[in-house]
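Read the structure below first, then the notes.
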Amino acid sequence: MTGPATPGVTARVPAKVNVQLAVGGPRPDGFHDLANVFLAVGLYDEVTATEADELRITCSGPDAAQVPLDRSNLAARAALALAERHGRSAAVHLHIDKDIPVAGGMAGGSADAAGALVACDALWDTRASREELLEICAELGSDVPFSLVGGAALGTGRGERLTPIEVGGTFHWVFAAADGGLSTPAVYCEFDRLCAAEGRTVPAPEASPALLDALRTGDPKALADTMSNDLQPAALSLFPSLADTLRTGSAAGALASLVSGSGPTTAYLAPSAAAAEDIAQTLRTSATCRTIRTTTAPAPGAQLLTAR
């Protein structure tokens, strides 16, 4: 991947998949309590911070045209938050080399925020503690703290309170990006609508002990048997064609197929690297999705690649 020619500081940040997303009812603040089991996967964005006269965002990569380049970008908000805490100007050029699908339920925007924090902290020599960076992450969004930490973790509250999870092996994944995106708030609203229409009482979310054991033992079959996403019915309601993609991946040999987070990217757990390639090839020729990626998990959180 390529970035700007001017020397700066580059951080690499991973995408995520939710192997369990248990969703509670709406809270008074509009959020939902979650039991969100995050797994970082080996698809990465790179964020390069370079000294500049003012805050500026640029982006390259397959989905770059969909990335906002103003102060609504989470990376810009991260730089502003860190600068404010340390009483300095957020005069920085942030270049995002985008490889994580945009608006795909894989926390690409959150990853960019975590990458911007790590890169700006190094560029400005603010020497922020891990705890301070995590506080800023939690202020920016529910998925941002995990983008900083990586690996595997249980997110509670609205997902921002993390408990690390041990992972005992490598898991093979295929991801299918759909044509178009889904708004996370819209998917949660649809979740609430569907629950109300069904007259369903939403229980308090809890992590599955069997799923946590599957991660610790590195057992892909056991993980497949316990994976779940409470937002999947809402995502399928808003984006019905995802059902065809899920069926195609399952028929091609995936141990489990599910919508990633709020979608519309779909995720397929494979029993091996060879099986992942077979699933990917079937999906490529199915005309049910836009792009296919294969990778492994877990992956590390935000890491510095270069420094001045």
Selection from the range 160-187 of residues closer than 22 Å to ALA103 by Cα and out of contact with any Pro (no Cβ under 8 Å at 6 or more places or on another chain) yields TRP173, VAL174, ALA176, ASP179, SER183, THR184, PRO185, ALA186, VAL187
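The rows are residues; the columns are (1) more than 13 Å from the chain's Cα centre (by Cα); (2) within 23 Å of GLY115 (Cβ to Cβ); (3) outside the structural domain of ARG193 (by TED's automatic domain parsing).
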site: GLY24; (1), (2), (3): yes, no, yes
site: ARG27; (1), (2), (3): yes, no, yes
site: GLY30; (1), (2), (3): yes, no, yes
site: LEU39; (1), (2), (3): no, yes, yes
site: THR48; (1), (2), (3): yes, yes, yes
With the first residue restricted to the range 218-229 and required to be under 10 Å from LEU258 (Cα atoms), and the second required to be surrounded by fewer than 16 Cβ atoms within 10 Å (Cβ to Cβ) and aromatic (Phe, Trp, Tyr), Cβ contacts under 9 Å at 6 or more apart or on different chains are none
Within the range 77-103, how many residues turn out to be closer than 30 Å to ARG290 by Cα and in contact with an Asp or Glu (Cβ under 7 Å, 6 or more places away or on another chain)?
7
Please verify whether ALA210 is without any contact (Cβ under 8 Å) to a residue 60 or more places away in the chain, farther than 22 Å from ASP29 by Cβ and among the hydrophobic types (A, V, I, L, M, F, W, C), treating the condition exactly as stated.
yes
Going by the structure shown, is ARG200 loosely packed, with under 15 Cβ neighbours inside 10 Å and part of a helix (DSSP H, G or I)?
no
Is it fair to say LEU231 is within 20 Å of ALA15 (Cα to Cα), in contact with a helix residue (DSSP H, G or I) (Cβ under 9 Å, 6 or more places away or on another chain) and either modelled with pLDDT of 95 or more or in the same structural domain as TYR188 (by TED's automatic domain parsing) (or both)?
yes
Scan the range 236-247 and report the pairs whose first residue is in contact (Cβ under 8 Å) with a residue 24 or more places away in the chain and under 11 Å from PRO264 (Cβ atoms) and whose second residue is in a helix (DSSP H, G or I) and acidic (Asp, Glu), with Cβ atoms within less than 7 Å and a gap of 6+ or a chain change.
LEU238/GLU190
Please list, ordered by residue number, the strands (runs of 3 or more DSSP E) wholly in the range 32-108 having 1 or more residues that are among the basic types (Lys, Arg), at negative phi and surrounded by fewer than 16 Cβ atoms within 10 Å (Cβ to Cβ).
56-60
Working carefully through the options ALA128, ALA114, find the one that is at pLDDT 95 or above, touching a Cys at 6+ places or on another chain (Cβ under 7 Å) and assigned by TED's automatic domain parsing to the domain that holds ASP70.
ALA114
One residue is enough: does the range 261-279 have a residue meeting the conditions free of Cβ contacts under 8 Å to residues at least 60 places away in the same chain and at positive phi?
no
Take ARG27 and tell me if it is over 30 Å from PRO220 (Cβ atoms) and at pLDDT below 95.
yes
Would you mention how many residues in the range 255-288 are closer than 13 Å to SER228 by Cα, of a type in the set (S, T, N, Q) and in a loop (DSSP other than H, G, I, E, B)?
2
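The values are calculated or read from the model by the stated rules, or taken from the named source; none is laboratory data. What you are looking at is a predicted structure, and each value in this text was computed from that prediction instead of being measured. Glycine also receives a Cβ, built like all others from the backbone with ideal geometry; neighbour counts cover every protein chain displayed.
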